[in-house]
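The structure appears below as structure tokens.
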Amino acid sequence: MGWRLRTILAVCGSAVALLYLASAGCGRGGQGYFSPDTLDCRTHSEWLVPLTRIAVYRGTSSTHRYAAVDWLIAEGFWSKSDSSDPRWLPTFQWNQQWMDGESQFHRELGWRGEEWVQWSKENPEMAKALWPKVLIALRRTGVTHTADGSDLMFAARLARTVEEFEELVDELVAARPRR
């Protein structure tokens, strides 16, 4: 092997090693998803090339469930679907490079889940109106995000009565862009 080929291979190998080191040092993060079908969350770690969204490493995924979802199931507000091919809606992608990337849905059910359980206990009629609508919105054909679910949660907290909540829901549906 000639010295030129060895030099080229050494430079390429060094560049790849440097890319992995930079990704491990500056691009560590993770992604998360929620399935409206299984009601589980799936997360995995990843390393991204700095200043990009190009992954050089993705860890194995782990599955868990928000504690608030366990409560919603136990109370009969939600149940798993019988879908043979569950959908996974993105809930977060955080990274050291940008330090944020959580959806409002993840913040509400993941971070503030206990508050929602308490709110539901204190507002049983509103909870009865809200939670089935959230799941229906997330299971709607063509849905690729959790924003409609968190919008409904916001509307329920804003409303003083179930009737007012229903009116807000009608306004949200009317304002949604047609496909």
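What follows draws every value from the coordinates through simple rules; no lab data is involved. The structure presented is a predicted model; accordingly, all values stated were derived computationally and were not measured. Quick reminder, even Gly has a Cβ in these numbers, built from the backbone with ideal geometry, and neighbours come from all protein chains shown.
Taking packing as the residue-averaged number of other Cβ atoms within 10 angstrom, the listed peptides 50-58, 142-150 run from highest to lowest as 142-150, 50-58. Each Cα pair under 8 Å and six or more residues apart adds its separation to the average, and for region 3-175 the resulting relative contact order is 18 percent. Only helices reaching 30 angstrom along their own axis (Cα) with mean Kyte-Doolittle hydropathy no lower than 0.0 count here, and for the DSSP H runs of the chain these are 3-26. Ranking H106, V56, F154 by Cα position along the charge dipole of the chain, where only Lys, Arg, Asp and Glu carry charges on their C-beta atoms, puts V56 farthest toward the positive end. The coefficient of translational diffusion for region 3-175, derived via Stokes-Einstein from the alpha carbon Kirkwood radius under 10 °C and 1.306 mPa s, stands at 87 µm²/s. Computed over the chain, the per-residue total of -39500 (n - 2.57) for DSSP H runs of n ≥ 4 gives a 222 nm mean residue ellipticity of -15000 deg cm²/dmol, rounded to 500. All alpha carbon pair distances within region 70-121 were sorted into 5 Å bins beginning at 0; the resulting P(r) in whole percents reads 5, 15, 18, 21, 18, 13, 7, 3, 0. The H on the amide N of E102, modeled in the peptide plane, is under 5 Å from the matching H of Q93, each at least 5 residues off or on a different chain. If the chain linking A174 and I136 were pulled fully straight, counting 0.36 nm for each residue of separation and taking away their Cα-Cα distance, it would gain 12.0 nm. Relative contact order, whole percent, for region 104-178 stands at 28, derived from Cα pairs under 8 Å and 6 or more residues apart.
Dividing the mean sequence gap of close Cα pairs (under 8 Å, 6+ apart) by how many residues region 65-151 holds gives a relative contact order of 35 percent.
The overall shape of region 84-179 is oblate: from the C-alpha gyration tensor, with semi-axes ordered a ≥ b ≥ c, the ratio a/c is 1.5 or greater and a/b is no larger than b/c. Packing here is the average count of other Cβ atoms within 10 Å per residue, and on that basis the peptides 156-163, 66-73, highest first, run 66-73, 156-163.
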